[in-house]
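Visitor: This structure is in C-alpha cells; I'll ask about it shortly.
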Amino acid sequence: MKLDFTLLTGRIGGDAKTRPVGKYTVTEFSLAAEKFKKPTAWHRVSIWGKRGVSLEQYLLKGTQVAVFGELDAKIFESKNGPVISSDVKCIEIELLSKAKTIQREVPENNQQQSQTEQPMFTGDDIPF
C-alpha cells in the first residue's frame with residue numbers, strides 16, 4: 001500500500017525500547033488506538049534518532065499519546081483470515097497523560113531503580 005499520513009491517539013501497550021539500526025537508533029512501541037464503537041487497532045510506532053532516545057523514558061505502558069506520522073499498512077493472509085499490519089513512522093508526538101519516568105542512571109548504594117511520577121503539563125496546555 002502507499003504511504004498515508006495519520007493522526008492516532010491511544011495508550012502505549014508496552015514500554016518503548018531503543019535499539020541501534022546501523023549508525024542510527026530507533027525507538028519503538030505499540031499503540032492501542034480506539035475508535036468509537038470499533039475494536040481496538042494496534043499500531044507499531046517508530047521514532048528515529050535522538051528524539052526517540054530522549055523520549056524513551058516517558059513512553060511507558062499505559063501512557064496516553066497522540067502520534068502524527070506516515071502510516072504503512074499491509075494485509076497478510078493467515079490461516080484465520082486476513083491480518084492487517086500497521087506501522088507508523090512518527091513525525092510528531094505529544095504526551096496526553098501524566099507520564100511516569102524511569103531513572104536511567106546507576107543508583108547509589110545499590111538501590112533498585114525506581115519510577116517517579118512527573119506531570120508533563122497542566123490541563124491548560126491541552127488544546128481541547
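Just so it is clear, none of the values below were taken in a lab; they were calculated from the coordinates. For clarity, every value in this text was computed on a predicted model and none was experimentally measured. Ideal geometry is used to build each Cβ from the backbone, glycine not excepted, and the neighbour counts take in all protein chains shown.
Visitor: Highest mean first, how do 14-23, 73-82 rank when packing is the count of other Cβ atoms within 10 Å averaged over residues?
Guide: 14-23, 73-82
Visitor: What is the fewest-to-most order of 7, 31 by other Cβ atoms lying within 10 Å of their Cβ?
Guide: By the 10 Å Cβ count, ascending: 7, 31.
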